[in-house]
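Enquirer: Submitted below is the structure of interest, expressed as structure tokens.
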Amino acid sequence: MKYMGSKSAMLRNGLGELLSEQVPVKSRFFDLFCGSGSVAGHVAQQFDIPVIAGDLQKYAVVLAAAQVEQTVTFSSNSVWTSWQRKANVWLGDNLQSLEVACQMSDLSGSVCEMRRTVSLARDFCGGLSSAFSLSRAYGGYYYSPLQAMYLDALRFTLPRKHSVAALAALISASSTCAAAPGHTAQPFGTKDSALPHLATAWLKDLPLCTQKEFEKNSTKIAKRKGSALQNDAETLTEKMRDGDIAFIDPPYSEVQYSRFYHVLEAIALGCAGEVSGSGRYVSILQRPQSKFSRTTQSSNAFEELMRRVSASGADALVTFPAGNASNGLSGLRVEEISDKYFCVKKRKITSTFSTLGGNAISRSARQSTTELILHLVQK
């Protein structure tokens, strides 16, 4: 999963150890900014404690739900066979378009020929019927015409049984197949240097990737049934109480995260809406906005969150880059605010973070950083 600020590495580098020390003696675990669900899923599958995960964006909630709500395994093969069959039947009503999509999805020949095929593919996808909402928005850009049509078909025919695991699989597969240098902020362009990357991405088998992710999801078992909620962090604190512990990993970028995952959000919702620009964005008014990404509001937002968590009686674990972040917060400021409401125990670890798609020349795709882990205990 291409995810900005994923805590997977930190789980192997200090955070996992701290969770092992603190979680077993708590009543419930709250992940207030769950993102891709790596921490929430880790806790749910390792410890006998309910996990409540929350995020502003639907796709993140779906990914977390697939990891914290399921308590028994299931056989994915029969469900997938039925799901794929229904998707193929749905596509069968558009057989002529499907044949054209197949022809346009193999980028080969000279760069001029490839560029012409991309242009034709975009026109073709834009002219599909309204039933192909995702194809019309992203076909010829993030996905080949064939990938895009299957994306619509699989989303439309989502199985009722194990639907959360299925939708999470489709979201993950869509991230894997996206023709984008990092996350889904912008698709590869049609410059000579980008076209080979676009061609490689368009050849990925989206249904097969979905099947593999669905099989993985069928075995993700929470030791105790939890829940995933589409809420802001402040709202989630209203559910917290003495004996709980919260994991708090707020945004550290001034750029709203919804920009980087707008494609995955559309897949989660099942409809893309009107899009524009090279990034194929919907209107900013339709994308979730976080106060934590606004330089003028991030400090006050973090302080209000700390006040609420403290008032609930819960303890907390906070992660944040040790230096200055572009959203106006810094590790020092986060520590100062936390100290007003909690007894603070601090650790520093070296980790890596994504730069949202490096260019391999002036910016690496991943860079080292020093992160704070603050263990906050009630005063």
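The values are calculated or read from the model by the stated rules, or taken from the named source; none is laboratory data. These numbers come from a predicted model, not from an experiment. So basically every Cβ, Gly included, is an ideal-geometry build from the backbone, and we count neighbours across all protein chains shown.
Enquirer: The conditions are (1) surrounded by fewer than 19 Cβ atoms within 10 Å (Cβ to Cβ); (2) closer than 15 Å to GLN147 by Cβ, and LEU91 fails exactly one of them. Which is it?
Expert: (1)
Enquirer: Please go through region 139-158 and give me each residue that is of a type outside the set (Ser, Thr, Tyr) and closer than 15 Å to ILE267 by Cα, ordered by number.
Expert: Answer for region 139-158, where residues must be of a type outside the set (Ser, Thr, Tyr) and closer than 15 Å to ILE267 by Cα: GLY139, GLN147, ALA148, MET149, LEU151, ASP152, ALA153, LEU154, ARG155, PHE156, LEU158.
Enquirer: Among the candidates SER105, SER174, which residue alone is crowded, with 18+ Cβ neighbours inside 10 Å, out of contact with any His (no Cβ under 9 Å at 6 or more places or on another chain) and closer than 30 Å to VAL72 by Cβ?
Expert: None of the others qualify; the one that does is SER174.
Enquirer: May I ask you to say which residue of SER130, SER135 is free of Cβ contacts under 8 Å to residues at least 12 places away in the same chain and either closer than 25 Å to ARG287 by Cα or in contact with a Cys (Cβ under 7 Å, 6 or more places away or on another chain) (or both)?
Expert: From the options SER130, SER135, the qualifying one is SER130.
Enquirer: If ASP244 satisfies all but one of (1) surrounded by fewer than 16 Cβ atoms within 10 Å (Cβ to Cβ); (2) assigned by TED's automatic domain parsing to the domain that holds SER20; (3) touching a residue at least 40 places away in the same chain (Cβ under 8 Å), what's the number of the condition it fails?
Expert: (1)
Enquirer: Could you grab me the full set of residues in region 18-50 that are aliphatic (A, V, I, L, M) and surrounded by 24 or more Cβ atoms within 10 Å (Cβ to Cβ)? Steps first, please.
Expert: Restricting attention to region 18-50, the residues satisfying the condition of being aliphatic (A, V, I, L, M) are 18-19, 23, 25, 32, 39-40, 43-44, 49.
Within region 18-50, LEU32, VAL39, ALA40, VAL43, ALA44 qualify.
Enquirer: Let me confirm something: among ALA53, ALA64, which residue is in a helix (DSSP H, G or I), surrounded by 23 or more Cβ atoms within 10 Å (Cβ to Cβ) and not assigned by TED's automatic domain parsing to the domain that holds LEU206?
Expert: Of ALA53, ALA64, the one residue that is in a helix (DSSP H, G or I), surrounded by 23 or more Cβ atoms within 10 Å (Cβ to Cβ) and not assigned by TED's automatic domain parsing to the domain that holds LEU206 is ALA64.
Enquirer: A further question follows. So in region 184-208, with the set limited to residues that are within 30 Å of PHE74 (Cβ to Cβ) and touching a Leu at 6+ places or on another chain (Cβ under 9 Å), which one is surrounded by the fewest Cβ atoms within 10 Å (Cβ to Cβ)? Give the derivation first.
Expert: The first filter runs over region 184-208 and keeps only residues within 30 Å of PHE74 (Cβ to Cβ), leaving 184, 204-208.
Next, only the ones that are touching a Leu at 6+ places or on another chain (Cβ under 9 Å) stay: 184, 206-207.
On the way: THR184: 24, LEU206: 23, PRO207: 20.
If we take residues in region 184-208 being within 30 Å of PHE74 (Cβ to Cβ) and touching a Leu at 6+ places or on another chain (Cβ under 9 Å), then PRO207 is surrounded by the fewest Cβ atoms within 10 Å (Cβ to Cβ).
Enquirer: Is there any pair with a first residue in region 1-28 that is among the aromatic types (Phe, Trp, Tyr) and a second that is at pLDDT below 95 whose Cβ atoms are under 7 Å apart and which are 6 or more apart or on different chains, and what are they?
Expert: Correct list of pairs: TYR3/GLY35; TYR3/SER36.
Enquirer: Right, another one. Where residues in region 94-114 are in a helix (DSSP H, G or I) and under 30 Å from the mean Cα position of the chain (by Cα), which of them is farthest from TYR150 (Cα to Cα)?
Expert: Of everything passing the filter in region 94-114, MET104 is farthest from TYR150 (Cα to Cα).
Enquirer: Here's a follow-up. Could you say whether any residue in region 248-259 is part of a strand (DSSP E or B) and closer than 29 Å to HIS375 by Cβ?
Expert: Yes, the conditions are met somewhere in region 248-259.
Enquirer: Just to be sure I understand the filter: pairs with C-beta atoms under 7 Å, separated by 6 or more residues or on different chains, first member in region 156-170 and surrounded by fewer than 22 Cβ atoms within 10 Å (Cβ to Cβ), second member at pLDDT 95 or above and of a type in the set (D, E, K, R). Which pairs pass?
Expert: From residues that are surrounded by fewer than 22 Cβ atoms within 10 Å (Cβ to Cβ), the pairs are THR157/LYS86; VAL164/GLU69.
Enquirer: Here's something else I'd like to know. Quick one: ALA228 ticks every box in (1) surrounded by fewer than 23 Cβ atoms within 10 Å (Cβ to Cβ); (2) under 20 Å from VAL39 (Cα atoms); (3) not acidic (Asp, Glu) bar one, so which box is it?
Expert: Result: ALA228 passes all but (1).
Enquirer: To continue, here is another question. I'm trying to understand the selection: among the residues of region 209-245, which are of a type outside the set (D, E, K, R), under 20 Å from the mean Cα position of the chain (by Cα) and not in a loop (DSSP other than H, G, I, E, B)?
Expert: Across region 209-245, the qualifying residues are CYS209, THR210, GLN211, PHE214, ASN217, SER227, ALA228, LEU229, GLN230, ALA233, LEU236.
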